[in-house]
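First comes the structure, then the notes that go with it.
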Amino acid sequence: MTITEFDAALIGAGHNGLTNAAYLASAGLSVVVLEKNSVVGGAAVTEEFAPGFSNSVASYTVSLLNPKVIKDLDLTRHGLEIIERPAANFWPVDDKRGLLVPYDDGGRRKAFAAFSEKDADRLDAYDGELNRAVAVLRDLITRTPPNAGGGIIELIKAGAIGRRLLKLSIEDQRLLLELFTASAADFLDRRFENETVKAAFAFDGIVGSYAAPSTPGTAYVLLHHCFGEVNGKTGHWGHAKGGMGAITRAMARAAKDRGAIIRTDAPVERVLVEAGRARGVVLKSGETIRARAVAANVGPKLLFRDLIAETDVAPETRDAFLAMKTGSGSFRMNVALAELPDFACKPGKTMGLHHRAGIVIGPTMDYLESAYLDARAYGWSREPVVEMMISSTLDPDLAPPGKHVASLFVQHVAPHLPNGRSWSDPREKEAFADVVIETVSRHAPNFKSAVLARQVLSPWDLEQRFGLVDGDIFHGQLGPGQLFSARPVLGYGNYRMPLKGLYLCGSGAHPGGGVTGVPGMNAAREIAKDLKRGRSRR
């Protein structure tokens, strides 16, 4: 049996784990990162899924990656290049109409005016509201939330935030309250009239969220997707050249340059607990790695279900973590294409601006609502919401010359199928994959025949491969009860877990999911603070 000792042992080499490792190593701490898979990256990886065709496997687009993380880790020097989408999104509506939204204000207004002049006139006011909300909350994203039950210091932190919010106008206080509690449907109904215009904005409220636009709390999910920027341009989306694996490869180089050790094919069996304190980890191989701190870049539900013995924490504490709401309602596909989709509303197989945007099948609010209700009733939507990114239109090296590769991110599927069915049955996921192909083909009739190969990941596959419990891409839903100080669980919102020396550094911690790097960065700050003070306590 080999025993090694470090300042910090990290479970999982996803993007937050690698970010955490790089910051800790920069602080002069000895760090080891332990990854169960044969490559680093977690859900942010690129692989060849058919001969000559490569693509991002799970996460698939860039905007939320925090600019401070990019700068601090010098990711550009380590090989990261982000290619901007030349247009934001394209919504095929029917055989005649489509909504193609560019980034420039004039073009954007013209696009929406084709559906509603009134709604086009309201765009500036709507953007202003969201920008004010983002400005208030952006600073909180990179701060450690005040921890409930944490004593006077935490009360002072909470008071400072409260005083800042009280300085806002009463209109902006109402706006924040609405965004944190309302449904996306209610929020948008107050501002727009056209169903396609509302659906274009509501999509961000349900993507990665097993919820309907009418579900309370989805207005915040909409806001969560407004924090992004690409190459200094707020509100823009992009593609990492080489796929999402390019991000985590750059992060791994940054961590190694700073002295971190990264081990792949090193699955963790359990957290080593002695006298009520995390003292390291035991690998499935039997190897013990001792550490002053253990940082888990896995979902909190998985951590307390699989890696912490039941007897190591109080039953009520364990129950609170296992009661977290999980499930994104998401299904992930990659397809190799012989040619570009030929959309009925925008004909042509020659590459156009719409092919290089995010292509969303979700033309009305009723469509988005029905997709969720279908999944609740039948296990999957019979007319799913599909976001397609044809990655090769931005990054030609991902496919052979003249061919293309596309990511399909699909809503909604039940995390667990009803009536004794299971996503572990390959027939189930292949049957739904057929539904997805048919859905896109209704708008682009050549799509089905253009598909040369496909890669299909159900919620069960996402959990088995990446440890995403119930296929939850955010490590826990972004509902009002699982945000800020209550993420993951009230009383443990400051990255310190119930066991001394145990920390959470993944998307299950504040500020939540998306490829941001922020939970990893924030957690590293708290871990380094504790270790340098010679303690690792809650």
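The values are calculated or read from the model by the stated rules, or taken from the named source; none is laboratory data. Here the structure is a predicted model, which is why all the values come from computation and not from measurement. Neighbour counts are summed over all protein chains in view; Cβ atoms, including those assigned to glycine, are modelled from backbone coordinates with ideal geometry. Surface areas here come from the heavy atoms of the whole protein model, side chains and all, with no ligands, DNA or RNA. Shrake-Rupley method; radii C 1.70, N 1.55, O 1.52, S 1.80 Å.
Brief remarks follow.
- Answer residue from segment 275-319, given it is farther than 28 Å from Gly513 by Cβ and aliphatic (A, V, I, L, M) and is modelled with the lowest pLDDT among those: Ala275
- Residue in segment 143-150 that is free of Cβ contacts under 8 Å to residues at least 12 places away in the same chain and open to solvent by 50 Å² or more (accessible area, probe 1.4 Å) present: no
- Condition met for Ala323 (out of contact with any Lys or Arg (no Cβ under 6 Å at 6 or more places or on another chain) and under 19 Å from Ala523 (Cβ atoms)): no
- Test: residue in segment 55-65 that is over 25 Å from Asp127 (Cα atoms), surrounded by fewer than 22 Cβ atoms within 10 Å (Cβ to Cβ) and not hydrophobic (A, V, I, L, M, F, W, C): no
- Segment 189-202: number of residues that are part of a helix (DSSP H, G or I) and surrounded by fewer than 23 Cβ atoms within 10 Å (Cβ to Cβ): 3
- Any pair with Cβ under 6 angstrom, 6 or more apart, that starts in segment 248-267 at a residue that is touching a residue at least 12 places away in the same chain (Cβ under 8 Å) and ends at one that is surrounded by fewer than 16 Cβ atoms within 10 Å (Cβ to Cβ): Ala250/Gly79; Thr264/Ser38; Asp265/Ser38; Pro267/Lys284
- Matching option when the condition is farther than 26 Å from Gly238 by Cβ and part of a loop (DSSP other than H, G, I, E, B), among Pro511, Pro445: Pro445
- If the condition is being surrounded by fewer than 24 Cβ atoms within 10 Å (Cβ to Cβ) and closer than 26 Å to Pro480 by Cβ, then segment 322-339 contributes Leu322, Ala323, Met324, Lys325, Gly327.
- Selection within segment 408-435 - of a type in the set (S, T, N, Q) and buried (at least 18 other Cβ atoms within 10 Å of the Cβ): Gln411
- Leading residue by the ranking (farthest from Gly517 (Cα to Cα)) among those in segment 233-274 that are outside any strand (DSSP E or B) and open to solvent by 60 Å² or more (accessible area, probe 1.4 Å): Asp265
- From the list Val405, Val385, Val456, the one residue that fits, being in contact with a helix residue (DSSP H, G or I) (Cβ under 6 Å, 6 or more places away or on another chain), assigned to a strand (DSSP E or B) and open to solvent by 10 Å² or more (accessible area, probe 1.4 Å), is Val456.
- For segment 461-514, the tally of residues that are of a type in the set (S, T, N, Q) and within 20 Å of Leu65 (Cβ to Cβ) stands at 1.
- Matching option when the condition is closer than 17 Å to Tyr23 by Cα and touching a residue at least 60 places away in the same chain (Cβ under 8 Å), among Val518, Val469, Val489, Val451: Val518
- Among the candidates Glu178, Glu154, Glu171, residue that is at pLDDT 85 or above, part of a helix (DSSP H, G or I), charged (D, E, K, R) and surrounded by 13 or more Cβ atoms within 10 Å (Cβ to Cβ): Glu178
- The strands (runs of 3 or more DSSP E) located wholly in segment 66-117 that include 2 or more residues which are open to solvent by 20 Å² or more (accessible area, probe 1.4 Å), touching a residue at least 40 places away in the same chain (Cβ under 8 Å) and under 30 Å from Ala25 (Cβ atoms) occupy 82-84.
- When restricted to residues that are open to solvent by 20 Å² or more (accessible area, probe 1.4 Å), farther than 18 Å from Leu75 by Cα and not aromatic (Phe, Trp, Tyr), segment 30-54 contains 11.
- Residues (farther than 19 Å from Ser328 by Cα and in a loop (DSSP other than H, G, I, E, B)) located in segment 413-436: Asn419, Gly420, Asp425
- When Val469, Val515 are checked against the criterion of being β-branched (Val, Ile, Thr) and at pLDDT below 95, Val515 stands alone in meeting it.
- Taken over segment 53-76, the criterion of being of a type in the set (Ser, Thr, Tyr) and modelled with pLDDT of 95 or more is satisfied by Ser54, Ser56, Thr76.
- Pairs where the first residue, in segment 379-403, is more than 20 Å from Pro92 (Cβ to Cβ) and the second is open to solvent by 60 Å² or more (accessible area, probe 1.4 Å), C-beta under 6 Å, 6+ apart: Asp395/Lys241
This table checks each residue for (1) open to solvent by less than 10 Å² (accessible area, probe 1.4 Å); (2) on the phi < 0 side of the Ramachandran plot; (3) not small (Gly, Ala, Ser).
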{"site": "Gly479", "(1), (2), (3)": "no, yes, no"}
{"site": "Phe484", "(1), (2), (3)": "no, no, yes"}
{"site": "Gly506", "(1), (2), (3)": "yes, yes, no"}
{"site": "Pro511", "(1), (2), (3)": "no, yes, yes"}
{"site": "Val518", "(1), (2), (3)": "yes, yes, yes"}
{"site": "Ala523", "(1), (2), (3)": "yes, yes, no"}
{"site": "Ile527", "(1), (2), (3)": "yes, yes, yes"}
{"site": "Lys532", "(1), (2), (3)": "no, yes, yes"}
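- Only a single criterion out of (1) farther than 20 Å from Ala9 by Cα; (2) of a type in the set (Lys, Arg); (3) without any contact (Cβ under 8 Å) to a residue 60 or more places away in the chain is not satisfied by Arg533, namely (1).
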